[in-house]
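S.K.: Here it is, the structure, as structure tokens.
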Amino acid sequence: MIEIGAQVELSHPAERVWRALTDRELLGRWFAEAEMVEGVPDRMLLHTGGLPGFEADVEVEVTERQEPDLLVLACDEAGRLSELTCTVTATKQGCRLELREASTHGAWSAEQHEPREQQLRQALTVRLPAILDWIAFQQVDLRRADGGMTTELPLIGVRGGAGRNPRRRRTLVAVVAGAVLVAGTAAWVTLPPDAKPAAAPAPTATASPTVTAGRATATPTAIPSTRPTRTTASASTRPSRTPSAKPSRTPVSAAPPPPPAPMVARYETDSSRLFGYTGEIVVGNPGGAPVADWAVVVTLAEGTTVDDVDGANWRQDGRAITFTGAAVAAGGSRTISFDVRDSRPKAREPESCTIGGQPCAGL
């Protein structure tokens, strides 16, 4: 018997989780689209064909139901039979949901087993919590005959005073600060350069010729000064002791090496879902030497969080996510994958992505 299993801790009551497990509309939003089998109670057809780890749609029949704690399903995937057990256990924070699928006839191939388990784990840890949050905090009628949602999801976050838009306030503050900065810069540009006071020349004794008894004699005449000077001869009466410039002994160095080529990055949305998506960033080094101090900064929407990251270290500061990692070899690349929970139903990508201050391609 081959088993596939996953579990998740949820901050929601068991009754709400039970609704997500048994409501056809909700089940189609976090796991797979479902439709009832006409004339057969407690039976559904899950449109799993094409999902990772599934080769065909799965026909499901409820064999045991203990609301809201236990749900057992018999599954038939193109003749391959299995039993799926859903156990809900109440906890102090909410409840724990555990899913176990065991084959009863036939077996999954090695190519199916791992992606099937990953698909189940992602559904539990990413998509299901988003659906539960939606049920808990928004009054949205998901059962309308027209299908789809009937109200937009409002912005999740701390609002300011009544009638005030926090984004507008932040924009106004930024505009005022920018105006002050521009005005200060203009004033600085128009100011005249600081006039440096010229050093007053040191007073010297100047010889004034006086004619006496038919010969000329030099009678020194002192020019008053605020402080005495030790200079008694002009530059013309004695040679300057300033040494002549000697040729530099500094050897002529070779031209400096060219700066390393900047790192590049490309963003792509790998998959999307209700209230979230999976992003992928490929970091490239086109230069001829390894680069270790690279960083990719992704800016998310307000109220958005990252659940899981593969391929890099990361930290979140407000809406900015910074990815770093090991050195990227010359001509090499590194791939970063991250799951995002976004409060906007139609979100498919972050607001921005940069590496070294330069925008990522593809976004």
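S.K.: Could you give P(r) for the range 1-56, binned at 10 Å from zero, as whole percent values over all Cα-Cα pairs?
M.R.: Calculated P(r), rounded to whole percents: 19, 41, 36, 5.
S.K.: Separate question: Heavy atoms only, probe 1.4 angstrom, no DNA, RNA or ligands counted: give me His12, His105, His47 ranked by accessible area, highest first.
M.R.: His105, His47, His12
S.K.: Per q in 0.17, 0.20, 0.23, 0.24 1/Å, what log10 I(q)/I(0) does a Debye calculation on the alpha-carbon atoms of the range 44-88 return?
M.R.: For the requested q values the scattering log ratios are -0.49, -0.64, -0.78, -0.82.
S.K.: Relative to the compact globular guide of 2.2 N^0.38 Å, what is the alpha carbon radius of gyration of the range 264-355, as a ratio?
M.R.: Against the empirical 2.2 N^0.38 Å value, I get 1.08 for the range 264-355.
S.K.: I would also like to ask the following. When the distances between all Cα atoms of the range 4-135 are binned every 10 Å from zero, what whole-number percent does each bin get?
M.R.: Going out from 0 Å in 10 Å bins, the range 4-135 shows 12, 46, 34, 7, 0 percent.
The values are calculated or read from the model by the stated rules, or taken from the named source; none is laboratory data. Quick caveat, the model's predicted, so the values are computed rather than measured. The protein model used for the area step is the full one, side chains on, heavy atoms only, and it has no ligands, DNA or RNA in it. Shrake-Rupley method; radii C 1.70, N 1.55, O 1.52, S 1.80 Å.
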